[in-house]
Amino acid sequence: MNLVVNRFYQNNQKMNKIIIGSLVALSSLFSLTLPSKAARIQVTVTNLTNNSVFSPVSSIFHDGSFDNFNLGEAASLGIERIAEDGNGSFLNADAISSGFVAGSVGTGPITAGVTVSGIFEVNPSLGRYFNFASMFVPSNDAFIGNDDQTEYQIFDINGKFISQIIDVPAFEIWDAGTEVNDEISPNAAIPGQSGIAGAGTTEGGVVTVHPGFTAGGNLEQLGFTSPTNLPSPVFRITITSVPEPSTLLGLLTVGGLSLLIKRKKQN
């Protein structure tokens, strides 16, 4: 009887060693295959309005040198395409060509009450700051975005992550100054109606605070709330850090070891 018990104990010990070795090996493998300097950052956006719509959100991580726009100055092509058409590919391409991480959160219109997320691999030294931009609909060329490119710091000088919750107030809905606000489809983007990119009348102005819809005009008659009358905030952006797979595997490894130790004590 003792011989059987001893043999069972020895076999059990061997199995524990094999399991522990496998877990450690897998943990090491995952750690080696992941980029050591990249951090996984999740950007979550929520439309807080009752009937307004936002385009996919251009999200840019940069070193502090990438400027979306400046109030009182002409909008870049990237901002113009976002403000008029909801197309963030031009602004994203500008950031990427400068060596930064950029992409759009969402794949279509972000309607009232909707929340969507996206994950980015960011180098803390090159992606210390966060820029965003999105079209406000309905409008000819209204948008949201940060004027100050260093307003939202995601990493400190030592690479430590800083979480952010960005609430966009109604008075920071901008007018790109690139298209006349005639509020008529297909020039203006209006939910439920077909718009045509670049169909509006060129304004040749500068970026300003949006003046609001025309009193008694087309957009108000359709039942949409003017930016000047919207309750704040209109949009929320939450930036969080996501554990890498190696970290998760490490937690599983620790959990597995704890379970094996517990079993050993019980035996």
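The values are calculated or read from the model by the stated rules, or taken from the named source; none is laboratory data. All figures in this text were calculated on a predicted structure; none of them were measured in a lab. Cβ placement follows ideal geometry from the backbone for every residue including glycine, while neighbour counts extend to all protein chains displayed.
With respect to being on the phi < 0 side of the Ramachandran plot, in contact with a Ser or Thr (Cβ under 6 Å, 6 or more places away or on another chain) and either modelled with pLDDT under 95 or crowded, with 19+ Cβ neighbours inside 10 Å (or both), GLY250 fits the description. If you check PHE171, PHE130 for being hydrophobic (A, V, I, L, M, F, W, C), in a strand (DSSP E or B) and either modelled with pLDDT of 95 or more or out of contact with any Gly (no Cβ under 7 Å at 6 or more places or on another chain) (or both), only one passes: PHE130.
Residues are listed down the side, and each one gets a yes or a no for (1) assigned to a strand (DSSP E or B); (2) touching a strand residue (DSSP E or B) at 6+ places or on another chain (Cβ under 6 Å); (3) under 30 Å from GLY216 (Cβ atoms):
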{"residue": "ALA102", "(1), (2), (3)": "yes, yes, no"}
{"residue": "ILE119", "(1), (2), (3)": "yes, yes, no"}
{"residue": "ASP148", "(1), (2), (3)": "no, no, no"}
{"residue": "GLU151", "(1), (2), (3)": "no, no, no"}
{"residue": "ASN158", "(1), (2), (3)": "no, no, no"}
{"residue": "ILE165", "(1), (2), (3)": "yes, yes, no"}
{"residue": "SER185", "(1), (2), (3)": "no, no, yes"}
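Any residue in region 104-133 that's of a type in the set (Asp, Glu): show its pairings with residues that are surrounded by fewer than 17 Cβ atoms within 10 Å (Cβ to Cβ) and not in a strand (DSSP E or B) at Cβ separation under 7 Å, as long as the two are six or more apart or on different chains. Within 7 Å, the pairs are GLU121/ALA38. From the list PHE61, PHE54, PHE66, the lone residue that is over 21 Å from GLY159 (Cα atoms), aromatic (Phe, Trp, Tyr) and at pLDDT 95 or above is PHE54. Taken over region 101-128, the criterion of being in contact with a Phe, Trp or Tyr (Cβ under 6 Å, 6 or more places away or on another chain) and crowded, with 21+ Cβ neighbours inside 10 Å is satisfied by ILE110, VAL122, GLY127, ARG128. Scanning region 196-246 for residues that are farther than 19 Å from ALA133 by Cα, under 27 Å from the mean Cα position of the chain (by Cα) and among the charged types (D, E, K, R) gives a single hit, GLU244.
I need the full set of residues from region 191-208 which are surrounded by 14 or more Cβ atoms within 10 Å (Cβ to Cβ) and modelled with pLDDT of 95 or more, in order please. Across region 191-208, the qualifying residues are GLU203, GLY205, VAL206, VAL207. Going by the structure shown, is ASP175 within 25 Å of ASN87 (Cβ to Cβ), among the charged types (D, E, K, R) and free of Cβ contacts under 8 Å to residues at least 24 places away in the same chain? No. Residue pairs whose Cβ atoms lie under 7 Å apart, sitting 6 or more positions apart in sequence or on different chains, and linking a residue in region 211-229 that is under 16 Å from ASP141 (Cα atoms) to a partner that is of a type in the set (Val, Ile, Thr) and not in a loop (DSSP other than H, G, I, E, B), are GLY212/THR228. ILE157 passes every criterion in (1) over 17 Å from PHE61 (Cβ atoms); (2) over 18 Å from the mean Cα position of the chain (by Cα); (3) of a type outside the set (Gly, Ala, Ser); (4) surrounded by fewer than 20 Cβ atoms within 10 Å (Cβ to Cβ) apart from (1). Applying the selection to region 178-189, what residues are at pLDDT 95 or above, surrounded by fewer than 22 Cβ atoms within 10 Å (Cβ to Cβ) and touching an Asp or Glu at 6+ places or on another chain (Cβ under 8 Å)? VAL180 - this is the single residue of region 178-189 that is at pLDDT 95 or above, surrounded by fewer than 22 Cβ atoms within 10 Å (Cβ to Cβ) and touching an Asp or Glu at 6+ places or on another chain (Cβ under 8 Å).
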